[in-house]
Amino acid sequence: GAVVSQHPSWVICKSGTSVKIECRSLDFQATTMFWYRQFPKQSLMLMATSNEGSKATYEQGVEKDKFLINHASLTLSTLTVTSAHPEDSSFYICSARLDRGRRYEQYFGPGTRLTVT
Amino acid sequence: AQRVTQPEKLLSVFKGAPVELKCNYSYSGSPELFWYVQYSRQRLQLLLRHISRESIKGFTADLNKGETSFHLKKPFAQEEDSAMYYCALSGSARQLTFGSGTQLTVLP
């Protein structure tokens, strides 16, 4: 089956620093990837849609200058949390969409736990 | 706008009992509905989608357009079914909107 990886699986950083999270589709190409944020015992909140070769589409309320998304290839999207603050601490999940004509399916990464101290 | 509502945050049933996880949605067009499951310490994975009309691990879900519901059912719950279940909707943009999730616990 299709596999999506994320790196790192967890990261601790100091306030004011930037952190980059990678999302890779290992055995398929994905023109569209998604970034979600999940708070403890809560649902996934879509942050942005990452489109290969073009700018990401951010959801309302998500700061595009703070959460930089780059989708440079058909198998890699990155999320950079810039000038991180403790309130950015969360679980970040990516997914990659596999399009098969009219059918499609999203495959999820294992998530990245970010802790900002 | 698209919205998914899962009214139960927590649901506990005994092993062998029937289980139903409720999901209601709102969407102006023709949505595609999904159920995703997240087992403890594992990634989110697709359980089933309405267009497939299949049964996975004994679970079924029927799309009721009149009631705008997509409830997940299983006649005999097993302990290994304990997990977090998310109902999700995809519209024309092919992006998922998730419900708040229901934590199912199957008691021995």
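The values are calculated or read from the model by the stated rules, or taken from the named source; none is laboratory data. Predicted model only: the values in this text are computed from it and were never measured. For neighbour counting, all protein chains shown are included, and Cβ atoms are generated from backbone atoms with ideal geometry for every residue, glycine included.
Do we find that B:ARG3 is within 14 Å of another protein chain (Cβ to nearest Cβ), among the basic types (Lys, Arg) and touching a residue at least 40 places away in the same chain (Cβ under 8 Å) in this structure? The answer is yes for B:ARG3.
Scanning segment B:66-103 for residues that are of a type in the set (A, V, I, L, M) and closer than 13 Å to B:TYR39 by Cβ turns up B:ALA83, B:MET84. Only one of the numbered conditions (1) within 18 Å of B:GLN45 (Cα to Cα); (2) in a strand (DSSP E or B) is violated by A:LEU68, and that is (1).
Which of the residues spanning segment A:107-117 are within 13 Å of the chain's Cα centre (by Cα), at negative phi and either of a type outside the set (A, V, I, L, M) or at the interface with chain B (Cβ under 8 Å from one of its Cβ atoms) (or both)? Passing the criteria: A:TYR107, A:PHE108, A:GLY109, A:PRO110, A:THR112, A:ARG113. For segment B:90-108, the criterion of being closer than 22 Å to A:ARG103 by Cα, in contact with a Pro (Cβ under 8 Å, 6 or more places away or on another chain) and modelled with pLDDT under 95 is met by at least one residue. Which of the residues spanning segment B:8-67 are under 30 Å from A:TYR92 (Cβ atoms) and of a type in the set (Asp, Glu)? Answer for segment B:8-67, where residues must be under 30 Å from A:TYR92 (Cβ atoms) and of a type in the set (Asp, Glu): B:GLU8, B:GLU32. Note on segment B:79-92: among residues that are more than 15 Å from the chain's Cα centre (by Cα) and not in a loop (DSSP other than H, G, I, E, B), the one that is surrounded by the most Cβ atoms within 10 Å (Cβ to Cβ) is B:GLU79.
If only residues of segment A:71-86 that are of a type in the set (Ser, Thr, Tyr) and assigned to a loop (DSSP other than H, G, I, E, B) are counted, the one that is surrounded by the fewest Cβ atoms within 10 Å (Cβ to Cβ) is A:SER83. Would you be able to say whether some residue in segment B:29-47 is farther than 25 Å from A:SER5 by Cβ, under 12 Å from the mean Cα position of the chain (by Cα) and surrounded by fewer than 17 Cβ atoms within 10 Å (Cβ to Cβ)? Looking for residues that are farther than 25 Å from A:SER5 by Cβ, under 12 Å from the mean Cα position of the chain (by Cα) and surrounded by fewer than 17 Cβ atoms within 10 Å (Cβ to Cβ), one finds none in segment B:29-47, hence no.
If you take the residues in segment B:93-108 that are within 17 Å of the chain's Cα centre (by Cα) and more than 17 Å from B:HIS50 (Cα to Cα), which one is farthest from the other protein chains (Cβ to nearest Cβ)? If we take residues in segment B:93-108 being within 17 Å of the chain's Cα centre (by Cα) and more than 17 Å from B:HIS50 (Cα to Cα), then B:VAL106 is farthest from the other protein chains (Cβ to nearest Cβ). Taken together, A:GLN42, A:GLN60 contain a single residue that is closer than 30 Å to B:GLN103 by Cβ, free of Cβ contacts under 8 Å to residues at least 12 places away in the same chain, outside any strand (DSSP E or B) and within 9 Å of chain B (Cβ to nearest Cβ), which is A:GLN42. When segment B:1-13 is filtered for residues that are out of contact with any Pro (no Cβ under 8 Å at 6 or more places or on another chain) and part of a loop (DSSP other than H, G, I, E, B), the ones remaining, listed by number, are B:ALA1, B:GLN6, B:PRO7, B:GLU8, B:LYS9.
Does segment B:56-72 include one or more residues that are closer than 22 Å to A:PHE39 by Cα, part of a strand (DSSP E or B) and at pLDDT 95 or above? No, segment B:56-72 contains no residue that is closer than 22 Å to A:PHE39 by Cα, part of a strand (DSSP E or B) and at pLDDT 95 or above.
Here is the figure for segment B:14-28: residues that are surrounded by fewer than 18 Cβ atoms within 10 Å (Cβ to Cβ), in a strand (DSSP E or B) and not polar (S, T, N, Q) total 2. Going residue by residue through segment B:69-78, is there one that turns out to be surrounded by fewer than 16 Cβ atoms within 10 Å (Cβ to Cβ) and within 13 Å of chain A (Cβ to nearest Cβ)? Looking for residues that are surrounded by fewer than 16 Cβ atoms within 10 Å (Cβ to Cβ) and within 13 Å of chain A (Cβ to nearest Cβ), one finds none in segment B:69-78, hence no.
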